[in-house]
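Read through the structure below, which is laid out as structure tokens, and then see the notes.
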Amino acid sequence: MPTNTWNRHHILSLGDFTTTEYDTVLQTAASFQEVLSRRTKKVPTLQGQVVANLFFESSTRTRSSFELAAKRLSADTLNFAAASSSMTKGETILDTAKTYLAMGTDIMVVRHREAGVPNAIAAEMDRLGVRVSVLNAGDGQHEHPSQALLDLFTICTLIDPANPRLELLKGKKIAIVGDILHSRVARSNIWSLIASGAEVHLAAPPTLLPKLFAEYISEESEVRSQELFPHSPTPQLFLHWQLEPALQNADFVMTLRLQKERMTAYLLPSLREYHQLFGITRAKLQLCKPNVKVLHPGPVNRGVEISSDLMDDPEFSLIQSQVTSGVAVRMALLYLIGSSKV
């Protein structure tokens, strides 16, 4: 496994990932994908280590994927659920983390509805001087690094199954459509796709595409864009409040869930109108390149972000491939930050 180039202790954001780190994750995930195709799908690489899944927010795909990834690496796993924990009795998040530390945890996978919680736990572990790594499994409207990395892996292995690498996306047009305002997935994907040299087009109603993203691409913020995307000399990020320009000649379309649980205001007239204007259907895909593929991080509101028939069509949909890729990518992340502890 290519660990000689890996020095990162925590994985909290893709904002400062280097090309080498992206390629290391992709190549390591490819190795584990091969392992997962075998009859015996377990390897002893993290045997004796403890991975604690601290999910303070509900999750199906991410939590199950991390748990399975840890078990495939022969790690022991601890699973936390806020509803049945001592937090209902007043325990703080940091006290919960320190409880798991006292149990011998080596890696903490943290998900929380508030941005910054994984960073706070990582900072506390560093302050205590312990060799515990923290992996951000999604925090508020901040980031979701592992989801963006599995999206990247899904696309790159489609293009070159034998050698997935970041440069494969250079010049590709990728549309990200939907609730960008509330999406941590979109934020992480912007980091990774811009770093690859892809041409990224964001499309959503004005209420779901914040002005912050417009500032990234404005002439006045050219210097700031260089700071945000240091590994891409000429960031290609475009903003659309209509769907058609984003889809025109697109190679890939990432559609995002409408996060109704995070919406505190009436941001849309109706779900029906949203689907008419921004829902991805076969008819709308005719604007894209003929071999276009569609992704969605899940869970999906069928008939809202994407038509049900398109979601289930293997000719266009990579949604199930994303779920499968998730295990290999999360194995890679756990392995890379866990191997330094052996």
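The values are calculated or read from the model by the stated rules, or taken from the named source; none is laboratory data. None of the values given here were measured: they were computed from a predicted structure. Cβ atoms come from the backbone with ideal geometry, glycine included; neighbour counts cover every protein chain shown. Calculation scope for accessible area: heavy atoms of the full protein, side chains included, ligands and nucleic acids excluded. Shrake-Rupley method; radii C 1.70, N 1.55, O 1.52, S 1.80 Å.
Miscellaneous remarks
- Subset of the range 119-148 (residues that are of a type in the set (Gly, Ala, Ser) and in contact with a helix residue (DSSP H, G or I) (Cβ under 8 Å, 6 or more places away or on another chain)): Ala120, Ser133, Ala137, Gly138, Gly140, Ser146, Ala148
- Exactly one residue among Val130, Val134 is open to solvent by less than 50 Å² (accessible area, probe 1.4 Å), out of contact with any Lys or Arg (no Cβ under 9 Å at 6 or more places or on another chain), of a type in the set (A, V, I, L, M, F, W, C) and part of a loop (DSSP other than H, G, I, E, B), and that residue is Val130.
- Among the residues making up the range 309-340, those that are over 24 Å from Ser64 (Cα atoms), assigned to a helix (DSSP H, G or I) and either of a type outside the set (Asp, Glu) or open to solvent by less than 40 Å² (accessible area, probe 1.4 Å) (or both) are Leu310, Ser340.
- Remark: pairs (first residue in the range 273-284, of a type in the set (Gly, Ala, Ser); second residue open to solvent by less than 70 Å² (accessible area, probe 1.4 Å); Cβ separation under 7 Å; 6+ apart in sequence or on different chains) = Gly279/Val304; Gly279/Glu305; Gly279/Ile306; Gly279/Ser307.
- Filtered residues of the range 161-181 (kept if more than 23 Å from Asn291 (Cα to Cα) and either open to solvent by 10 Å² or more (accessible area, probe 1.4 Å) or of a type in the set (A, V, I, L, M, F, W, C) (or both)): Ile180, Leu181
- Per-region count, the range 28-59, residues surrounded by fewer than 19 Cβ atoms within 10 Å (Cβ to Cβ) and of a type in the set (S, T, N, Q): 6
- Taking the criterion of being on the phi < 0 side of the Ramachandran plot and either polar (S, T, N, Q) or open to solvent by 10 Å² or more (accessible area, probe 1.4 Å) (or both), the residues of the range 293-308 that qualify are Lys293, Pro297, Pro299, Val300, Asn301, Arg302, Val304, Ser307, Ser308.
- For the residues Pro235, Pro230, the requirement of being assigned to a loop (DSSP other than H, G, I, E, B) and either polar (S, T, N, Q) or at pLDDT below 55 (or both) singles out Pro230.
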